[in-house]
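Q: My structure is below; once you've seen it, I'll send some questions.
Any read-out appearing in this document is the output of simple, stated calculations on the displayed coordinates, not a laboratory observation. As the structure is a prediction and not an experimental result, all values here were calculated from the model. Because the Cβ atoms are built from the backbone with ideal geometry, glycine has one as well, and the counts that use them run over all protein chains shown.
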Amino acid sequence: MTQLAIKLTDELTDFVQASVQSGAFHSASEMVANALHALKSQDEAKLAALRSEIALGAEQALRGEFVEFDVESIIVERRKKLSSKAS
């Protein structure tokens with residue numbers, strides 16, 4: 001196992017120490033490792049959801065389920081609306 005030194009804010013240090021003192025974790029290392037595993041799982045879930053949405057969009061495009069648009073015309077129209085609100 002590799003050792004890693006990290007710097008935490010006082011608030012996070014207090015949180016880690018309180019978590020250990022409460023008995024929720026045996027050590028600060030266990031608490032931080034648990035938090036990092038949770039963050040990793042969360043990131044993996046977000047990535048899986050994004051990949052699923054991309055696959056769905058690609059399938060819809062292949063079936064012709066899309067709307068064509070011109071980005072420039074959208075930008076021009078939005079700028080007109082913004083300038084009319086500013087007047």
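Q: Tell me the label only: which of [x] 15.6; [y] 13.2; [z] 18.4 is Kirkwood radius over Cα pairs in Å as calculated from this structure?
A: Comparing each candidate, only [z] matches the computed number.
Q: Using a cut-off of 13 Å between beta-carbons, work out the net charge of the residues near residue 79 (Lys and Arg +1, Asp and Glu -1, residue 79 not included).
A: Overall, the nearby charge balance is +2.
Q: Further question on the same structure: Where in the chain is the longest stretch that carries no GluC sites (Glu not before Pro) classed as loop by DSSP and with at most 10 other Cβ atoms within 10 Å?
A: 1-64
Q: With each label point set 7 Å from Cα along the Cα-Cβ vector, what nm distance links residue 39 and residue 6?
A: Going from the residue 39 label point to the residue 6 one covers 0.5 nm.
Q: When the helices in the chain are scored as -39500 (n - 2.57) per DSSP H run of 4 or longer and the sum is shared across all residues, what 222 nm value do you end up with, to the nearest 500 deg cm²/dmol?
A: It lands at -25000 deg cm²/dmol.
Q: While we're on this one: Return the lysines within reach of residue 85: Cα separation strictly under 24 angstrom, same-chain partners fewer than 8 residues apart disregarded; answer none if there are no such residues.
A: none
Q: Neighbouring Cβ atoms within 10 Å as the yardstick, rank 69, 25 fewest first.
A: Fewest-to-most ranking of 69, 25: 69, 25.
Q: In addition: Please arrange 41, 19 by counting, for each residue, the other beta carbons lying within 10 Å of its beta carbon, fewest first.
A: Ranked by crowding around the Cβ, least crowded first: 41, 19.
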